[in-house]
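Data first, discussion second: the structure below is written as structure tokens.
The values are calculated or read from the model by the stated rules, or taken from the named source; none is laboratory data. These numbers come from a predicted model, not from an experiment. So basically every Cβ, Gly included, is an ideal-geometry build from the backbone, and we count neighbours across all protein chains shown.
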Amino acid sequence: MVWPGDVPERRREIVLPSWPLPVPAPREKELLEVLVREDGTLFLGGKEVDIRTLTMKLLIHAEFARDLKHPYQPSSSPVLYHASKDVRWREVQWVMQAAADPDVRIWRLYFAMRTDDGKFAYVPLFLPTDRGALADLGCITVELKRRKDETVTRIKLLDDEIGAGEIGFRVLRQRIAQLSKARPEKLCGEINAWAWTPYGDVTKALAAFRAAKIENVLFIGAPPPGRKGK
């Protein structure tokens, strides 16, 4: 169920990224759905909104589920981002930052994807409530490079330039699988995508980590929610 209502005609305007892995259905009964069109236009409940209005709506959504005994804790009320695979990462990152706003503090997000058989897959993400909690994990950093005038994304894994386009992503999957063979639960991933990188390419990097059983994946530039005023 999506609150505040299904918007099928808007969804049809969006071509979702593909997702190659099995994903369980969300356990929450209600998700606030934010649509991000290829040109970066945002829709909430079927209506076009700007980033400021979106942040205010997310705040209302977050406060509705906030534990009144712990008002400074992150909200457990999730948000579903239904974004076009070709939208610039910058636009998706802005709506993620709206959820991480110090007043909003929503920590659980979903990315809507398409499976190979055409069904929806809602991929869960967590904005970390305490980045220091991951300090003991070994982080594998992936940098996705794409300028405005470029048509292919270049990929850097740790200190190595490993290729570009689909060949580069194939190498990325293989290399991350090799790095994670020992103890994937002791690893985390970091994705640093340039502003003009397509969202669909960012999800390919995310899938490479998830395929290697690395669940802790951070997006550099999307700040974690914290206590108000910090």
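General observations
- Residues in the range 36-71 that are within 20 Å of TYR122 (Cα to Cα), under 17 Å from the mean Cα position of the chain (by Cα) and assigned to a helix (DSSP H, G or I): LEU58 alone.
- Among the residues of the range 98-120, those that are surrounded by fewer than 17 Cβ atoms within 10 Å (Cβ to Cβ) and over 11 Å from ALA62 (Cβ atoms) comprise PRO102, ARG114, THR115, ASP116, ASP117, GLY118, LYS119, PHE120.
- Here PRO22 passes the criteria (1) within 28 Å of THR197 (Cβ to Cβ); (2) in contact with a Phe, Trp or Tyr (Cβ under 9 Å, 6 or more places away or on another chain); (3) at pLDDT 80 or above except the one numbered (2).
- Qualifying residue in the range 129-136 (condition: at pLDDT below 95 and surrounded by 17 or more Cβ atoms within 10 Å (Cβ to Cβ)): no
- Residue within the range 72-79 that is outside the structural domain of ASP201 (by TED's automatic domain parsing), β-branched (Val, Ile, Thr) and under 16 Å from PHE126 (Cβ atoms) present: yes
- Reported count of residues in the range 25-67, each being in contact with a Phe, Trp or Tyr (Cβ under 7 Å, 6 or more places away or on another chain) and of a type in the set (Asp, Glu), is 1.
- Residue in the range 159-170 that is at pLDDT below 90 and in a helix (DSSP H, G or I) present: no
- Failed item in (1) modelled with pLDDT under 90; (2) assigned by TED's automatic domain parsing to the domain that holds GLU48, with GLU91 passing the rest: (1)
- Candidates ARG170, ARG154, ARG210, ARG146 - the one that is without any contact (Cβ under 8 Å) to a residue 12 or more places away in the chain and closer than 28 Å to GLU38 by Cβ: ARG170
- Scan of the range 37-65 for residues that are farther than 30 Å from ASP117 by Cα, loosely packed, with under 13 Cβ neighbours inside 10 Å and among the basic types (Lys, Arg), ordered by number: ARG52
- Within the set VAL95, VAL79, VAL34, the sole residue that is on the phi < 0 side of the Ramachandran plot, crowded, with 16+ Cβ neighbours inside 10 Å, in contact with a His (Cβ under 8 Å, 6 or more places away or on another chain) and in contact (Cβ under 8 Å) with a residue 60 or more places away in the chain turns out to be VAL34.
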